[in-house]
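This report concerns only the one structure given below.
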Amino acid sequence: MSLFRKYCFSVLVFGLFAVLPKGSSADQTNEVTTPPACVNNLGETILFSLRSGSQGGVAAGMANRDTDGRPVIFRMNYENATPAFQRFIDYHECAHHQVGHVDQPHPPRNSYAHLMNESIADCIAILRVREEVDDSYDAVIDGLVDAMTRVGFPKVSTDSRLRNIENCYSNYGSSAEFIAGVLNGERTK
């Protein structure tokens, strides 16, 4: 290998490490946290299922019902997220069960109704972080921004989501009160 090729190869390798996102699976993995308590709006206990996904290794969750009709949260690639962000994802997905989103027809992606459901789940999640764990707000936000950036969300989408979360964290009471408001139709418009 010529000296020039060695130089190009070393620049390429250094550049690759320089642009890998902080907290990516390439430089660390994390212990997966214990799932939180979660009961849906029908009084059913939510099951949690850990899965490894091949979609870029970004941690994600999905609230659904399994093939037997039991409420479940699928936890994917959690080892690639900080414990604070893992808990936020769990609370977010749990919120979809708590307010009954899982048993309603899923609105079209990026529609007003879909974005409202996501905003509600984010709000409940950050309220539960505030109430139940000692994770710092900044640790949760850092994990969220990292994940949204890695997936390719535009900055305007990330900023809008962060404003909603900050508003909920700073201005709302308990998660139980917020959930009751959603179930009573007070927080869905």
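One line per residue, one yes/no per condition, for (1) at pLDDT 95 or above; (2) exposed (fewer than 14 other Cβ atoms within 10 Å of the Cβ); (3) in contact with a strand residue (DSSP E or B) (Cβ under 8 Å, 6 or more places away or on another chain):
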residue	(1), (2), (3)
52	no, yes, yes
61	yes, no, yes
80	no, no, no
85	yes, no, no
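Within segment 56-113, which residues are part of a loop (DSSP other than H, G, I, E, B), within 18 Å of the chain's Cα centre (by Cα) and closer than 19 Å to residue 164 by Cα?
99, 109, 110
Is it the case, given these coordinates, that residue 119 is within 17 Å of the chain's Cα centre (by Cα), over 18 Å from residue 58 (Cβ atoms), surrounded by fewer than 13 Cβ atoms within 10 Å (Cβ to Cβ) and touching a residue at least 12 places away in the same chain (Cβ under 8 Å)?
Values: within 17 Å of the chain's Cα centre (by Cα): yes; over 18 Å from residue 58 (Cβ atoms): yes; surrounded by fewer than 13 Cβ atoms within 10 Å (Cβ to Cβ): no; touching a residue at least 12 places away in the same chain (Cβ under 8 Å): yes.
No.
Restricting attention to segment 142-171, which residues are over 23 Å from residue 86 (Cβ atoms) and not in a helix (DSSP H, G or I)?
The one that is over 23 Å from residue 86 (Cβ atoms) and not in a helix (DSSP H, G or I): 154.
Take the conditions free of Cβ contacts under 8 Å to residues at least 24 places away in the same chain and in a helix (DSSP H, G or I) and apply them to residue 139. Does it pass? I'd like the intermediate steps shown before the answer.
Numbers: free of Cβ contacts under 8 Å to residues at least 24 places away in the same chain: no; in a helix (DSSP H, G or I): yes.
Considered against the rule, which asks whether it is free of Cβ contacts under 8 Å to residues at least 24 places away in the same chain and in a helix (DSSP H, G or I), residue 139 comes out as no.
From the set of residues in segment 172-188 that are out of contact with any helix residue (DSSP H, G or I) (no Cβ under 7 Å at 6 or more places or on another chain) and part of a loop (DSSP other than H, G, I, E, B), which is nearest to residue 40 (Cα to Cα)?
In this case the residue turns out to be 184.
Do any residues in segment 93-116 that are closer than 17 Å to residue 43 by Cβ have Cβ atoms under 7 Å from those of residues that are of a type in the set (Gly, Ala, Ser) and assigned to a helix (DSSP H, G or I), where the two are at least six apart or on different chains, and which pairs are they?
Matching pairs, first to second residue: 95/121; 95/125; 96/121.
Does any residue of segment 138-145 turn out to be out of contact with any His (no Cβ under 7 Å at 6 or more places or on another chain), surrounded by fewer than 13 Cβ atoms within 10 Å (Cβ to Cβ) and of a type outside the set (A, V, I, L, M, F, W, C)? Don't jump to the end; show me each part of the working.
First, the residues of segment 138-145 that are out of contact with any His (no Cβ under 7 Å at 6 or more places or on another chain): 138-145.
After this cut, where a residue has to be surrounded by fewer than 13 Cβ atoms within 10 Å (Cβ to Cβ) as well, the list is 138.
Now drop any that are not of a type outside the set (A, V, I, L, M, F, W, C), which leaves 138.
Checked against the condition, which is being out of contact with any His (no Cβ under 7 Å at 6 or more places or on another chain), surrounded by fewer than 13 Cβ atoms within 10 Å (Cβ to Cβ) and of a type outside the set (A, V, I, L, M, F, W, C), segment 138-145 yields at least one hit.
The values are calculated or read from the model by the stated rules, or taken from the named source; none is laboratory data. On a predicted model such as this, the values are computed, not experimentally measured, just so you know. Ideal geometry is used to build each Cβ from the backbone, glycine not excepted, and the neighbour counts take in all protein chains shown.
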